[in-house]
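*Asks:* Can you read through this structure? Questions will come right after.
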Amino acid sequence: MLNEEPHHRPNSEDAMVDLFGSIAMEEMAISHLLNAEAKKMQAFVGQELDFPTNPSNREILQFNKEASRFIETLVMKEWLLLRKLQNVADFFSNEKEHHHGHDFDLDHEQPPTLCPDPPEV
């Protein structure tokens, strides 16, 4: 027989922390993708801007097209994250007004931390 724990329903504060945390993790992932793309571009162009692989004009144009699409995709993702952030902030602002701060008062309490302290080594 399985030892089942009662279903935990997060309160508003938990939900807010989780949502803001998910936005932060997505932003971190995007920063890693951008860094990798920048390294790829630097390798293609070369340290001395001499195109060390001697690509043809067609290959340079193709590389530029792919890089542009990548950046456009990240810009769209950033816009979606901004909308998510705005919606989360609006939701919890409206909830605070409706519940008069019973769960989490954004004006008078310290906001919860998104990341716990790292374990001591």
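*Asks:* What's the exposure ranking of Asp18, Asp90, going from fewest to most Cβ atoms within 10 Å? Spell out each step's value before the answer.
*Replies:* Numbers: Asp18 13, Asp90 10.
Least to most surrounded, the residues fall as Asp90, Asp18.
*Asks:* Same structure again: For q = 0.10, 0.13 Å⁻¹, what log10 I(q)/I(0) does segment 13-99 give under the Debye formula with an equal point scatterer on each alpha carbon and no solvent?
*Replies:* Computed log10 I(q)/I(0) values: -0.43, -0.59.
*Asks:* Can you give the extra length, in nm with one decimal, that the chain gains between His32 and Leu85 once fully stretched, where that is 0.36 nm per residue apart less the Cα-Cα distance?
*Replies:* On the way: separation 53, 0.36 × 53 = 19.08 nm, distance 2.01 nm.
Using 0.36 nm per residue and subtracting the Cα-Cα distance, I get 17.1 nm.
*Asks:* Sticking with this one: In a Debye calculation with equal point scatterers on the alpha-carbon sites of segment 45-88 and no solvent, what is log10 I(q)/I(0) at q = 0.15, 0.24, 0.27 Å⁻¹?
*Replies:* Each listed q corresponds, in turn, to -0.55, -0.82, -0.91.
*Asks:* Then there is this: Please give the net charge around Glu78, taking every other residue with its beta carbon less than 13 angstrom from that of Glu78, where Lys and Arg add +1 and Asp and Glu add -1.
*Replies:* On the way: positive: Lys77, Arg83, Lys84; negative: Glu26, Glu27, Glu72.
Charge balance near Glu78 sits at 0.
*Asks:* Still on this structure, I have one more. So if we plug the beta-carbon distance of His98 and Asp18 into 1/(1 + (r/R0)^6) with R0 = 22 Å, what FRET efficiency do we get, rounded to 0.05?
*Replies:* Details: r = 20 Å, r/R0 = 0.92.
Working from the Cβ atoms, E equals 0.60.
*Asks:* Gain in length, His8 to Phe70, computed as 0.36 nm per residue apart minus the alpha-carbon separation, to one decimal in nm? Write out the running numbers ahead of the final one.
*Replies:* Numbers: separation 62, 0.36 × 62 = 22.32 nm, distance 3.96 nm.
Fully extending the segment from His8 to Phe70 adds 18.4 nm.
*Asks:* With charges only on Cβ, +1 for K and R and -1 for D and E, what is the dipole size of segment 13-99 about its Cα centre, in debye, rounded to 20?
*Replies:* Result for segment 13-99 is approximately 440 debye, rounded to the nearest 20.
Values quoted throughout were computed directly from the atomic coordinates according to the rules given, and no laboratory measurement underlies them. Keep in mind the model is a prediction, meaning the values are calculated, not measured. Note that we place each Cβ from the backbone using ideal geometry, even for glycine, and neighbour counts take in every protein chain shown.
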